[in-house]
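Okay, so here's the structure we're looking at.
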């Protein structure tokens, strides 16, 4: 056996050993992300008069949650976070697809904070953005700070005219926030770790993939506040 062939076989053997380990680790991270997202949504919606208006949730096509988005700033500010999104289907809320939010801003900035982000995708055009590899908030997709509080006519009017409504919670304060300039990216590695390599984001969002056990508490919360049934699979 030549040295080159021996090295090739060793590398292939290592790949066969390492890949399943990385796959399992990624799936464990996905489960943790789902659980954190469910907790964030539950806490936000249980705050009296300081939650997302129920009538907006009832109208939303999809909901994205990015728990503990990490913001750092020192002259050059930046944001990075991993989250998920679930969408309405004919049978309730779909299994989640995974995503990342990235952004940055120049300015005289110091300090840092940990922030939860919630995005409401209000129509089918907003849903199409979610299916892309990446899109920019405020450029490819119009985004507006979402209203907070009880169901109101003003909230309904905003929901009818905005593609995406954005919220943040930092240091316990929940409010609508402008996220213009941030980029939302599909996290395909996490999708594959959770559902396998043969499942597309379109199929997941369309409800053709059963909701994973870890995501059922989240879709239960969404169903409760949006008065929708839960999709548990075919």
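Read-outs: derived from the displayed coordinates by stated rules, not from any lab. Not measured: the values here are computed from a predicted model. With ideal geometry, Cβ positions are generated from the backbone for all residues, glycine too; neighbour counts draw on all protein chains shown.
Taking Rh as the Kirkwood radius, which is the inverse of the mean 1/r over Cα pairs, what is the Rg/Rh value for region 23-65? Walk me through the intermediate numbers first.
Numbers: Rg = 13.4 Å, Rh = 12.0 Å.
Taking Rh as the inverse mean 1/r over Cα pairs, Rg/Rh reads 1.12.
Modelled label-to-label distance, residue 206 and residue 125, 7 Å Cα→beta-carbon offset: nm?
For the pair residue 206/residue 125, the computed spacing is 2.4 nm.
Based on alpha-carbon positions alone, could you give the equivalent ellipsoid semi-axes of region 179-219 from the gyration tensor, as √(5λ), descending, whole Å?
On the way: eigenvalues 88, 42, 22 Å².
Square roots of five times the eigenvalues give 21, 14, 10 Å.
What distance in nm separates the simple spin-label points at residue 197 and residue 114, each placed 7 Å from Cα in the Cβ direction?
Distance between label points: 3.5 nm.
In what order do 89, 197 fall by count of nearby beta-carbon atoms within 10 Å, going from fewest to most? Can you show the working numbers first?
Details: 89 16, 197 8.
Going from sparsest to densest Cβ surroundings: 197, 89.
According to a simple spin-label model (label point 7 Å from Cα along Cα-to-Cβ), what is the distance in nm between residue 47 and residue 132?
3.0 nm
May I ask you to order 121-133, 28-40 by the average number of other C-beta atoms within 10 Å around their residues, highest value first? Working shown, then result.
On the way: 121-133: 16.7, 28-40: 19.2.
Highest-to-lowest ranking by the protection proxy: 28-40, 121-133.
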